[in-house]
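To start, the structure itself, in structure tokens.
Bear in mind these aren't lab numbers, they're just calculated from the coordinates by the rules spelled out. Being a predicted model, the structure only gives us computed values, none of them experimental. Quick reminder, even Gly has a Cβ in these numbers, built from the backbone with ideal geometry, and neighbours come from all protein chains shown.
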Amino acid sequence: MTALVRPRVLPSSHASSRRRRGDPMRWVFFASFLVVTFALMLPVTIIVLTAFKPASEVNAFPPTLFPHQWTLSNFEAIFSELPFGRLILNSFGFAGGVTVFALVFDSLAAYALARLDFRGSRILLIVIIASLMIPFQATLIPIYQLVSQLGWVNTFAGLIAPRAADAFGIFFLRQFFVSLPRDLDNAARIDGASEWRVFRSIILPNAVPALLTLGIFLFVNNWNDLLWPLVFTTDQNMGTITSGLTLLTGPGGIIPQGVMMAGALIAVLPLAIMFLLVQRRFIESVASTGLK
Amino acid sequence: MTTQNLARPRRYRPPAQLGGRTPLNGTFKRRATIVGFLAPALIILGAFVAWPMISALQLSFTDASGFGTPEFVGLDNYVRVFTDSEILQSMGNTALYAVLFTPTAIVVALVLALVINSPRLPFRGFFRSTLFLPFIVSLAVAAFAWSYLLDPQIGLLNYWLQAVGIRIGNVLQDPALAMPTVVAVAVWKSFGFYMVIFLAGLQEIPTSLYEAAQLDGANGWKRFTNVTFPMLSNTMAFVVIVALIAALQAFDQIYVLTGGGPYRSTETIVMQIYQSGFKDLDLGFASALSYVLLIVTLLLSLVQFLFFGRRSKDINS
């Protein structure tokens, strides 16, 4: 009945004329896709629900989805059995450190490539783009040798420094800076502003969306990285959540499943909160960084 | 002559007071500014990207082991890479992983993107966000969840499958099923990412094409094969290459779930680099293997680069 009152909109794309609120097929379609979505989210659901199950239920047969009795004992256990508070701090230190340094260094270099018209800038840009194609796994051994010669194994310096600038970030920000109108900064230059001032007061404030996008991308990638912290930290107290949890699980793991899921839930939580706060930007950022 | 010059896109040359380079303007101060902006990033990239590339190449021709002086061994390491049956097996495993992962991830992502893109679906934003969620879960954590779901004794998924008559046993200990399982975990973690890229591609297809197809009496499937699929070819090529490169670097969930087993059936190239380089300290050999990975990745990236030519066009902007 509402269909009569609502203004007729031209059916967009391949929507048929059946596209109306009362279309029962539409809700069947919705319901079946909802079931598919829930099924695909089963691993996430199992992490959340198992984290609150007591040990007896975690190992019970037949297994159940929901806990009968909700408990926080797994969370208590993970903090007492592992230096878990320390691992969380390390993850923030590592992922946060890489993000901050890389944003600063990448944006400086991107500014030079976008605005300071110097000899060889094109060649430098091409070299930087070419280096995008090098997988870090392939150069891990010499990087490790260098880090260990510097005495940086098991330090934040060793974890962060090799990633304190990255070719992708420079390229991504350079593309964004180039798209900003030159008139903005030229006006400031005529008023006698230095390049540093133009960069800080004009380019950076206008590039907040790009910086946020790159920041999210860097933080998520480093927070979730496993191989990097495995290689650069041998001391358990310097591991990240991702590497720390891994060392105690897997085949022959020594911590119970429920405790592991509590750890996994905590490992995902900061990213999940970030995701909930800025869903749209988050998805767009990952899509655009993937595409460029 | 003149028309040619006019047709060529002119590069922006700022006048001197706007920082343009003139003979009088190449002052020390200006150079110092340029160096100041570039130096931090270039020092990092030089030390941790450029130098390691050269160093890895050097190492790959030696018997470096972390102890004593490395000796030059010529192509020995490379010969071993291509003759050692275990290494050949890990290359085969990586290829199998790529062959299983790429089409599965793409089909899942594309189907979900098509459903979400349909205007008939209510709450599309909700589905997009929810289905993207696995992407923020690390592969290691995804692996924990899957190992618990698939546990032969207490795994919920295993139990449900048994209830409908499917016995999968202990998949992670089964040489035939371990590889499909680690692939499934990777597909689960990454389909949201490819789905979002496909959605962006789908939204760029002009609706007039669908309207024209509909007027011609094309049904849903015909519209997909004759409009959607061809119009999506660029996005598809991009996703295929990105997925292939990701597959070459498979490590995290394999390290957590199987450690390369059972019977080396999930041992991939990066697992082998980690084992040779950081466990066996066979640095020369691991470097040779790394270089093989590097070259295969570069070749794939080159295909992407040539196919799109997008980045090179962007440089001229």
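Tabulated results
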read-out: Of the DSSP H helices in chain A, those whose Cα atoms cover at least 30 Å axially and whose Kyte score averages 0.0 or more; value: A:84-115
read-out: Cα shape, segment A:64-130, gyration tensor, a/c 1.5 rule; value: prolate
read-out: Structure-based [θ]222 nm, chain B - -39500 (n - 2.57) summed over DSSP H runs of at least 4, per residue, nearest 500; value: -20000 deg cm²/dmol
read-out: Kyte-Doolittle mean at least -1.0, axial Cα span of 20 Å or more - DSSP H helices of chain B; value: B:28-45, B:85-117, B:178-203, B:233-248, B:283-308
read-out: Förster radius 45 Å - calculated FRET efficiency between residue A:86 and residue B:224 (Cβ-Cβ, nearest 0.05); value: 0.30
read-out: Segment A:89-247: projected area of the alpha-carbon convex hull, averaged over directions, in nm²; value: 10.4 nm²
read-out: Cα gyration tensor, the protein assembly as shown - rounded (a/c under 1.5), prolate or oblate; value: oblate
read-out: Around residue B:178: net Lys/Arg minus Asp/Glu count, Cβ-Cβ under 11 Å; value: -1
read-out: Farthest positive-ward along chain A dipole, Cα basis, beta-carbon charges - from A:140, A:164, A:77; value: A:164
read-out: Cβ neighbours within 10 Å from other chains - mean over B:190-202; value: 3
read-out: Helix-only mean residue ellipticity at 222 nm for chain A, each DSSP H run of n ≥ 4 adding -39500 (n - 2.57), per residue, nearest 500; value: -20000 deg cm²/dmol
read-out: Over chain B, relative contact order from alpha-carbon pairs under 8 Å, at least 6 apart, %; value: 26 percent
read-out: Three-way shape label, segment B:94-315, alpha-carbon gyration tensor, a/c 1.5; value: oblate
read-out: Calculated FRET efficiency for the pair residue A:235/residue B:160, C-beta based, R₀ 60 Å, to 0.05; value: 0.90
read-out: In the protein assembly as shown, lysine pairs with alpha-carbon atoms under 30 angstrom apart (chain gap of 8 or more, or interchain); value: 4
read-out: Coarse-grained scattering of chain A at q = 0.09 Å⁻¹, given as base-10 log I(q)/I(0) from a Debye sum over alpha-carbon atoms; value: -0.66
read-out: Charge-dipole axis of chain B as Lys and Arg at +1 and Asp and Glu at -1 on Cβ define it, positive-most pick from B:289, B:134, B:205; value: B:205
read-out: Relative contact order computed over segment A:89-247 (Cα-Cα under 8 Å; 6+ residues apart), in percent; value: 40 percent
